[in-house]
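Since the structure comes first, as structure tokens, the remarks are kept for the end.
The values are calculated or read from the model by the stated rules, or taken from the named source; none is laboratory data. All of these numbers come straight from a predicted model, not from anything done at the bench. So basically every Cβ, Gly included, is an ideal-geometry build from the backbone, and we count neighbours across all protein chains shown.
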Amino acid sequence: MEENSAGVTVSSKKTLWKVIGASSLGTLIEWYDFYIFGSLALIISTKFFPSDNPTAAFLSTLATFAAGFVVRPFGALFFGRLGDIIGRKYTFMVTLLLMGLSTCAIGLVPGYETIGFAAPLLVLLLRLLQGLALGGEYGGAATYVAEHSEPHKRGFRTSWIQTTATVGLFISLAVIMLTKSSMSAEAFDDWGWRLPFLLSSVMVVVSYFIRRNMDESPLFKKAKSEGNTSTNPLKESFGNKFNFKFVLLALFGATMGQGVIWYTGQFYALSFLQNVCHVDFDQTNFIIGAALLAGTGFFVFFGWLSDRIGRKPVMLAGMLLAILTYRPIYDRMYQFTDVTTKQELVDQQRAEGDAIIKVYDDGSTATWVTEGATTTQTVHVGRSAFWSIVLLVFIQVLYVTMVYGPIAAFLVEMFPVRIRYTSMSLPYHVGNGIFGGLLPAVATYLVTKAQVANTAVQQASEALPYDKPHLAGLWYPILIAGVSFIIGLLYLKNKNQNVQ
Amino acid sequence: MNTIKRILGVVWIILGLVAGYYLIISQAIPQFTSGKTEDLVPAIIYTFILMPIITGGLCIFGWYALQGEYNTSE
């Protein structure tokens, strides 16, 4: 430990990188665990939910996914309170183990066909535990790193924690792709999908042993030795007007907008390509994976930049750019995948079993499969369209890095040490878990509603109510981020009061 | 700037109430009464999660803004 010129105790550089490494690794594993479920949502829906109606099964999974998000604020309250009373280190060790055990257990639950209704119930319960664990983890890791850091480098140091969510998603996609490519499609569908869940147990054990040897945060230790820790952090955070008004400001002026931009860039883009544009599963994952890989370094850049020019301008610039450009970006993505506007190479059309495959002049192919009265379409885009879509998703990831890179430092500096874990965790998880986590479901609902409305009017030969129904889902993030931008612009300070 | 912050407090309160009305009247009630199982989850989320956070949160935030709690010393 060292004391800087301002008399603040900070860790030595070597210790700091160990702290960042251990915290980031654990948080990364938690995100991996959390995203495996979302990335395998389609398969899970067929295994654990009645398969009579695939849409209902998929919506059930989304609901379970949402349940994982909705309980995050409760995890934030429960573990945040513990973290402010007994310490950051022990609390985020518990959340790590809880997450690992829940994830591993999901991989062991027998399917609906074997144990009936107990299967979806067990999966739902385990998903709720995952949400609780994640609710406690992030605030602990961010607070722990921030309290070890020099105040003027807090944005840069905590930005490494911010990369973990994206890297966790990237690794979850990579593990799924590797597992799929190492076995037949039937084997993956039968039992292979369980492997990514089971792999979590190994990663959690490794991370647990790394974290076990870390010291408690110096600021928390100092507060504890001076008897300055809170005995009732919940009451102090939310029952005290002075603190509660900052909790509300953090939520409405920052995390609410940041949450929807994060989930639009990383998750709705995936859902939009799969469900609205009908791009095939593997290609969509490659597109998102490539964009994430190219964009992840910018979390650190924007964290560093926020130490120089302030958190507020970086985050608000990201929000504003997203609000202004989402519709043109998604419209271009749709056009790149819309085979009705491409020139078909008629002589290359072929039939394979129940499928009809059409080839287009830009190298794209579209496969139509008819089962009963239902026809499904899957598009595999050509090389040029593929890289154009990667670029468009990358731009969205860039917005994510602008709003998300500085947010940990921003939240940490908004609240004092004694109630920091509790106070910062709640707005973070309400903003991200609820406003962001519900985004794919709400946006998909809005698109479906617009398409149904257009179809109904089309049959009656009247003017269409929606000019571009595929963009209807974007109104949710645009509206939420718009309100957050105005509140942030007017009410947030560029420098918070608890910089020490 | 402080005057604008205070006046906008009214806007946040109204926005919270409008959002609450939309979530309950336009979304939750029709879904609760649709009789479809798949509508139940969103209806519960609108009523017990989103509405309290958006309406309650924005109204309190607006009230604090109106009271000058977010004013900066000039």
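Does residue B:60 satisfy being without any contact (Cβ under 8 Å) to a residue 12 or more places away in the chain, within 11 Å of chain A (Cβ to nearest Cβ) and under 19 Å from residue A:437 (Cα atoms)? So that I can check it myself, show each step before the final result.
On the way: without any contact (Cβ under 8 Å) to a residue 12 or more places away in the chain: yes; within 11 Å of chain A (Cβ to nearest Cβ): yes; under 19 Å from residue A:437 (Cα atoms): no.
The answer is no for residue B:60.
Check off (1) over 29 Å from residue A:367 (Cβ atoms); (2) away from every other protein chain (no Cβ under 14 Å); (3) touching a Phe, Trp or Tyr at 6+ places or on another chain (Cβ under 6 Å); (4) surrounded by 22 or more Cβ atoms within 10 Å (Cβ to Cβ) for residue A:252 and give me the number that stays unchecked.
In the conditions (1) over 29 Å from residue A:367 (Cβ atoms); (2) away from every other protein chain (no Cβ under 14 Å); (3) touching a Phe, Trp or Tyr at 6+ places or on another chain (Cβ under 6 Å); (4) surrounded by 22 or more Cβ atoms within 10 Å (Cβ to Cβ), residue A:252 misses (2) alone.
Hey, does region A:211-219 have a residue that's within 25 Å of the chain's Cα centre (by Cα) and more than 30 Å from residue A:489 (Cβ to Cβ)?
Taking every residue of region A:211-219 in turn, at least one turns out to be within 25 Å of the chain's Cα centre (by Cα) and more than 30 Å from residue A:489 (Cβ to Cβ).
So for region A:282-300 (the condition being part of a helix (DSSP H, G or I), within 14 Å of chain B (Cβ to nearest Cβ) and at pLDDT 95 or above), does at least one residue qualify?
No, every residue in region A:282-300 fails to be part of a helix (DSSP H, G or I), within 14 Å of chain B (Cβ to nearest Cβ) and at pLDDT 95 or above.
Return the pairs, sorted by first residue and then second, in which the second residue is of a type outside the set (Asp, Glu) and assigned to a helix (DSSP H, G or I), the first residue lies in region B:1-20 and is at the interface with another protein chain (Cβ under 9 Å from one of its Cβ atoms) and closer than 27 Å to residue B:49 by Cα, the beta carbons are less than 6 Å apart, and the residues are 6+ apart or on different chains.
Here the result reads B:12/B:58; B:12/B:61; B:12/B:62; B:15/B:58, each pair linking region B:1-20 to a residue that is of a type outside the set (Asp, Glu) and assigned to a helix (DSSP H, G or I).
Identify, by number, the condition in (1) under 13 Å from residue A:389 (Cα atoms); (2) under 18 Å from the mean Cα position of the chain (by Cα) that residue A:329 doesn't meet.
Unmet condition: (2).
Of the residues A:401, A:370, A:378, A:325, which is in contact (Cβ under 8 Å) with a residue 60 or more places away in the chain and part of a strand (DSSP E or B)?
After applying the criteria, what remains is A:378.
Quick one: what pairs do we get from region A:110-129, first residue surrounded by 13 or more Cβ atoms within 10 Å (Cβ to Cβ), second among the basic types (Lys, Arg) and in a helix (DSSP H, G or I), C-beta under 9 Å, 6+ apart or different chains?
Final answer for the pair search is A:111/A:47; A:112/A:47; A:119/A:47; A:123/A:47.
Taking the residues in region A:20-54 that are more than 23 Å from the chain's Cα centre (by Cα) and farther than 22 Å from residue A:187 by Cβ as candidates, determine which candidate is modelled with the lowest pLDDT.
A:53
Identify the residue in region B:32-48 that is within 11 Å of chain A (Cβ to nearest Cβ) and buried (at least 17 other Cβ atoms within 10 Å of the Cβ) and, among all such residues, is modelled with the highest pLDDT.
B:46
Which one of these does residue B:72 not meet: (1) closer than 15 Å to residue A:442 by Cβ; (2) not in a helix (DSSP H, G or I)?
Here residue B:72 meets the rest and fails (1).
List the residue pairs whose Cβ atoms are under 8 Å apart, where the first residue sits in region A:78-96 and is more than 16 Å from residue A:426 (Cα to Cα), the second is outside any helix (DSSP H, G or I) and among the hydrophobic types (A, V, I, L, M, F, W, C), and the two are 6 or more positions apart or on different chains.
Once the first residue is more than 16 Å from residue A:426 (Cα to Cα) and sits in region A:78-96, its partners that are outside any helix (DSSP H, G or I) and among the hydrophobic types (A, V, I, L, M, F, W, C) give A:89/A:214.
What's the number of the only condition in (1) of a type outside the set (Ser, Thr, Tyr); (2) within 11 Å of chain A (Cβ to nearest Cβ); (3) under 19 Å from residue A:435 (Cβ atoms) that residue B:51 fails to meet?
(2)
Mind checking which residues of region A:30-41 are in a helix (DSSP H, G or I) and closer than 15 Å to residue A:106 by Cβ?
Scanning region A:30-41 gives A:30, A:32, A:33, A:34, A:35, A:36, A:37, A:38, A:39, A:41.
Identify the residue in region A:205-243 that is within 14 Å of another protein chain (Cβ to nearest Cβ) and out of contact with any Ser or Thr (no Cβ under 7 Å at 6 or more places or on another chain) and, among all such residues, is surrounded by the fewest Cβ atoms within 10 Å (Cβ to Cβ).
Top of the filtered list is A:242.
Which of (1) closer than 30 Å to residue A:492 by Cβ; (2) of a type outside the set (D, E, K, R); (3) surrounded by 15 or more Cβ atoms within 10 Å (Cβ to Cβ); (4) away from every other protein chain (no Cβ under 12 Å) does residue B:28 not meet, given it meets every other one?
That leaves (1) as the condition not met.
Taking the conditions exactly as written (at pLDDT 90 or above and buried (at least 18 other Cβ atoms within 10 Å of the Cβ)), does residue A:76 satisfy them or not?
Against the criterion (at pLDDT 90 or above and buried (at least 18 other Cβ atoms within 10 Å of the Cβ)), residue A:76 qualifies.
Kindly indicate which of A:426, A:446, A:474 is of a type outside the set (Gly, Ala, Ser), touching a residue at least 12 places away in the same chain (Cβ under 8 Å), in a helix (DSSP H, G or I) and more than 14 Å from every other protein chain (Cβ to nearest Cβ).
Values: A:426 fails: more than 14 Å from every other protein chain (Cβ to nearest Cβ); A:446 fails: more than 14 Å from every other protein chain (Cβ to nearest Cβ).
Exactly one residue qualifies, and that residue is A:474.
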